[in-house]
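The values are calculated or read from the model by the stated rules, or taken from the named source; none is laboratory data. Bear in mind the structure is a predicted one, so any value in this text is a computation, not a measurement. Cβ atoms come from the backbone with ideal geometry, glycine included; neighbour counts cover every protein chain shown. Ligands, DNA and RNA are stripped out before the accessible areas are found, and what is left, the full protein with its side chains, is counted by its heavy atoms. Shrake-Rupley method; radii C 1.70, N 1.55, O 1.52, S 1.80 Å.
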Amino acid sequence: MATSVVLLHGGGTSARQWDLVTGRMAAPALALDVPGRGERPADVERLTLPQALDSLAADAGGADPVVLVAHSSGGLLVPGLTARLGRRVRRVVLIAASVTKDGGTGMDCMKPRHAEGLRALRAAAARGLGRAVTPADPPPAERARTAWGTSLTDEQIAFAIHPSRWVSDTINFYHEPLDWSAVRALPCSYVLTVHDTAVPPELQEVMAARAAAAVVPLAAGHLPHVTMPEVIAALCDGAAADVDRHELVMGR
């Protein structure tokens with residue numbers, strides 16, 4: 001069986017973030033939606049990580065070998081989905097992705113001011129002052145132009161903040177302790193986006209080490225699937241081809 005690439009989106013967006021990538025891929029690609037967007041309605045304020053992982057595992061279906069590709073806070077989905085898919089997961093590719101300490105949470109994976117913002121949001125919601133979710137409204141276009149590192153074109157901005165890709169999202173996943181030991185047993189690459197201002201490169205280096213991943217530097221900001229989709233597609237195809245070659249050698 002050919003290896004499929006399962007694509008996991010980051011926070012506050014949807015499977016549609018991969019639209020420019022999947023159309024350029026040769027390998028079979030499956031971009032999955034966390035519940036609360038697309039055809040997976042859910043109350044994101046109450047959505048738990050186990051609930052999301054059960055939904056994703058069901059949507060991944062099949063028995064074919066897979067490469068898991070995760071962007072940004074989509075990395076928080078990787079340990080649990082690896083556990084649920086078991087031996088089907090042959091390789092992992094992390095793109096500026098969140099990797100916690102073992103037993104740590106997603107709060108380990110962001111700038112201090114972002115972590116403080118999430119704590120304040122959660123505390124306010126506990127006092128009945130608003131909802132514990134990310135903003136539903138995207139930033140103004142001119143702010144979005146440089147918000148993730150490199151300067152986006154008008155077309156790229158429109159793509160990134162389109163209503164199908166900018167969604168209000170849960171913050172619950174950031175508070176769940178995770179263990180990466182099973183992921184470290186797999187071949188793993190970490191695409192380090194060197195011009196990233198959302199997740200600084202020095203933090204990405206720390207997170208790549210937590211996953212025992214081979215680092216692949218990329219001269220991009222935080223949205224390489226928007227600014228360099230052909231490169232991300234080639235990386236995904238290459239990872240799938242590596243698995244296929246290994247399966248052939250092993251006679252599977």
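Note on region 20-65: along the principal axes its Cα atoms extend 37, 26, 15 Å, ordered by decreasing extent. In terms of its Cα atoms, region 122-161 spans 41, 16, 12 Å along the principal axes, sorted from long to short.
Restricting the calculation to Cα atoms, every distinct pair contributes to the Kirkwood radius of region 16-121, found to be 15.2 Å. Normalising the average separation of contacting C-alpha pairs (under 8 angstrom, six or more residues apart) by the number of residues puts the relative contact order of the chain at 26 percent. In the context of the full set of protein chains, residues of region 194-243 present 36 Å² of accessible surface per residue (probe radius 1.4 Å, heavy atoms only).
Return the Rg/Rh ratio of the chain with Cα-based radii and a Kirkwood Rh. Dividing the radius of gyration by the Kirkwood radius yields 0.94. Solvent-accessible surface of region 48-117, averaged per residue with a 1.4 angstrom probe and all protein chains in place: 33 square angstrom. Reported value for region 104-252: 145 Å³ per residue, from the convex hull of its C-alpha atoms. Legend: Rg and Dmax of region 154-196, from Cα coordinates, 16.1, 42 Å.
Working from Cα pairs under 8 Å separated by at least six residues, relative contact order for region 171-252 is 27 percent. Surface composition of region 1-58: carbon plus sulfur atoms hold 51% of the accessible area, using a 1.4 angstrom probe and ignoring ligands, DNA and RNA. For region 142-213, the calculated P(r) over all alpha carbon pairs, in 5 Å bins from 0 to the bin holding the longest distance, is 3, 13, 14, 17, 20, 17, 11, 4, 0 percent. In a fully extended conformation the segment linking SER168 and ASP59 would gain 37.1 nm over its present Cα-Cα distance, using 0.36 nm per residue. Dipole magnitude for the chain: computed about the Cα centre from +1 point charges on Lys and Arg Cβ and -1 point charges on Asp and Glu Cβ, it is near 440 debye. Each of the peptides 114-123, 171-180, 224-233 was scored by the mean count of other Cβ atoms within 10 Å over its residues; in descending order, highest first, they stand as 224-233, 171-180, 114-123. Averaging the sequence gap over all C-alpha pairs within less than 8 Å and six or more residues apart, then dividing by the number of residues, gives region 24-122 a relative contact order of 21 percent. Size estimate for region 102-141 follows the Kirkwood approach: the inverse of mean 1/r over distinct Cα pairs works out to 11.6 Å. Protection proxy ranking of 25-31, 94-100, 57-63, by the mean of other Cβ atoms within 10 Å over each peptide's residues and highest first, is 94-100, 25-31, 57-63. Give me the log10 of I(q) over I(0) for region 54-192 at q = 0.10, 0.14, 0.16, 0.17 Å⁻¹, as the Debye formula computes it from C-alpha points; what are the numbers? Cα-only, vacuum Debye calculation for region 54-192: -0.42, -0.81, -1.02, -1.12. Put one equal scatterer on each alpha carbon of region 203-252, apply the Debye formula with no solvent term, and list log10 I(q)/I(0) at q = 0.13, 0.27, 0.31 1/Å to two decimals. Per q value, in the given order, log10 I(q)/I(0) is -0.45, -1.02, -1.07.
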